[in-house]
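The structure appears right after this line, and notes come after that.
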Amino acid sequence: MKIAFYGSSLLSAYWNGAATYYRGMLRDLAGRGHAITFYEPDAFDRQQHRDIEPPDWAEVVVYPATEAAARGVIAEAADADVVVKASGVGVFDDLLLEGVMQASRPEAIRIFWDVDAPATLAEIGAAPEHPLRRTLPLLDLVLTYGGGPPVVEAYEGFGARRCVPVYNALDAETHHPVPAEPRFAVDLAFLGNRLPDREARVEQFFLEPAAALPQRSFLIGGNGWESKAMPPNVRHIGHVRTRDHNAFNTSPLAVLNIARDSMARTGFSPATRVFEAAGAGACLITDAWVGLELFLKEGEEVLVARDGKDVAEHVAALTPERARAIGEAARARILAGHTYALRGAQVDALLREEAARKAASAARSAA
């Protein structure tokens with residue numbers, strides 16, 4: 001099938017946590033015979049911070065962040081068999097959503113793909129006239145990269161015909177064990193951009209443990225932390241390019257995952273970095289959230305912290321031998337059940353099912 005995908009960026013992970021998800025998912029779908037065109041705006045300096053060049057498995061159309069350019073790429077939806085509008089493009093989201101669905105052919109499969117369902121649901125819940133609420137009944141599918149039963153129930157309550165979680169996963173070709181690098185060699189490392197609904201949890205789960213363990217070393221990567229006051233044993237290194245994620249994960253004694261507030265409340269929302277860390281064989285410490293057991297087993301494949309005190313205790317007690325055992329167990333679990341090959345198979349089956357349903361419906365209408 002010919003897929004037109006309108007998203008934030010495939011080429012750049014700069015202020016764009018969905019990049020790894022898009023790459024793993026779409027590369028697998030391309031390998032299954034789908035022809036993919038990804039439309040992304042030239043916005044937020046992402047094109048100046050590319051992690052990859054346009055791949056051979058997808059055509060990438062970078063358009064100026066103007067209304068005229070957006071309308072130009074909207075028109076190309078008419079040529080696609082599958083039209084996908086992702087959440088969080090960042091510019092002209094409402095215009096793109098309504099425009100590409102209206103431009104698509106009647107027989108095309110129309111999808112809204114939500115990469116931040118808790119935030120989207122909160123937004124549309126507070127706005128009865130929100131464009132997405134108006135559009136939901138016209139869509140064939142809502143796909144989400146997390147959220148589980150609470151998100152499915154909420155979306156279908158707002159009028160979605162069908163909502164299916166397609167979780168983050170591991171791309172074993174890009175995220176895997178590598179030799180440790182001294183620049184990332186610390187006791188605990190955290191990677192994440194500074195965001196309003198994450199900062200308080202970073203203080204609780206990362207900065208407070210660092211202050212409680214002054215003899216231990218801590219590392220934080222990501223955008224926006226330059227002006228944040230931190231204990232002297234915390235080193236900040238700014239944006240970490242995708243190509244350095246493996247070394248960032250394999251070099252520390254342990255790495256930390258901290259869910260954003262909304263993701264933690266909703267549950268069933270493992271971040272991309274959970275799978276990246278497991279794929280690299282890292283020992284992962286994560287804050288607690290509902291649904292974690294679907295992906296990793298507490299105490300054997302992941303260490304779970306309910307607060308900063310738990311994090312400090314995990315770091316203080318952790319030996320290199322136990323860290324290695326946990327990382328190896330996590331990698332085996334994720335490789336067995338949570339790869340983009342499996343997620344791609346899931347989406348491919350959904351697309352073929354929807355195509356058959358629409359063809360049958362059209363045949364009944366013609367009879």
Descending packing, highest mean Cβ count within 10 Å first, for 349-361, 34-46 is 34-46, 349-361
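Taking the highest mean first, how do the peptides 146-159, 121-134, 81-94 order by number of other beta carbon atoms within 10 angstrom per residue? Intermediate results must be reported in sequence, preceding the final value.
Numbers: 146-159: 18.6, 121-134: 14.6, 81-94: 20.8.
The peptides rank, most packed first, as 81-94, 146-159, 121-134.
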Using 1/(1 + (r/R0)^6) with R0 = 35 angstrom and r between the beta carbons of R161 and I52, what's the FRET efficiency to the nearest 0.05? 0.55
Candidates R343, R235, R273, ranked by Gaussian network fluctuation over the chain, Cα under 10 Å, top entry: R235
Rounded to the nearest 10 Å², the 1.4 Å probe accessible area of L292 is 10 Å²
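Please give the FRET efficiency for R357 paired with Q102, using the beta carbon to beta carbon distance and R0 = 22 Å, rounded to the nearest 0.05. Let's see the in-between values first.
Values: r = 21 Å, r/R0 = 0.96.
It comes to 0.55.
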Once every Cα of the chain carries one equal point scatterer and solvent is ignored, give the base-10 log of I(q)/I(0) from the Debye formula at q = 0.08, 0.10, 0.14, 0.15 Å⁻¹, two decimals. -0.40, -0.63, -1.18, -1.33
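How many percent of the accessible area of segment 68-187 is carbon or sulfur, using a 1.4 Å probe?
Accessible surface attributable to carbon and sulfur in segment 68-187 totals 56 percent.
Quickly rank 223-229, 281-287 as a protection proxy: mean count of other C-beta atoms within 10 Å, highest first.
Working: 223-229: 12.1, 281-287: 25.0.
With the highest mean Cβ count within 10 Å placed first, the list reads 281-287, 223-229.
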For the chain, averaging the sequence separation of alpha carbon pairs under 8 Å that lie six or more residues apart and dividing by its residue count, the contact order in percent is 15 percent
Dimensionless Rg ratio for segment 97-161, taking C-alpha atoms and the 2.2 N^0.38 Å reference: 1.07
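Using helices alone, what [θ] at 222 nm do you get for the chain, with -39,500 (n - 2.57) per DSSP H run of 4 or more residues, divided over all residues and rounded to the nearest 500? Could you put the intermediate results ahead of the total?
On the way: 14 runs with 141 residues, N = 367.
That comes out to -11500 deg cm²/dmol.
Viscosity 1.306 mPa s, temperature 10 °C: what is the translational diffusion coefficient of segment 49-160 from Stokes-Einstein with a Kirkwood Rh over Cα pairs, rounded to a whole number of µm²/s? Mind dumping the intermediate values first?
Working: Rh = 15.0 Å.
Translational diffusion coefficient: 106 µm²/s.
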Determine by what factor the alpha-carbon radius of gyration of segment 51-100 differs from 2.2 N^0.38 Å, reporting the quotient. 1.19
For segment 267-349, which GluC sites (Glu not before Pro) pass both filters: DSSP loop (anything but H, G, I, E, B) and at most 14 other C-beta atoms within 10 Å? E300
Starting from the Cα gyration tensor of segment 241-367, take the square roots of the eigenvalues, sort them a ≥ b ≥ c, and report rounded, prolate or oblate (rounded when a/c is under 1.5, otherwise prolate if a/b is larger than b/c, else oblate). prolate
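The values are calculated or read from the model by the stated rules, or taken from the named source; none is laboratory data. Bear in mind the structure is a predicted one, so any value in this text is a computation, not a measurement. In this analysis, Cβ positions are derived from the backbone assuming ideal geometry, glycine residues included, and neighbour counts consider all displayed protein chains. Heavy atoms of the whole protein, side chains included, go into the accessibility calculation; ligands, DNA and RNA do not. Shrake-Rupley method; radii C 1.70, N 1.55, O 1.52, S 1.80 Å.
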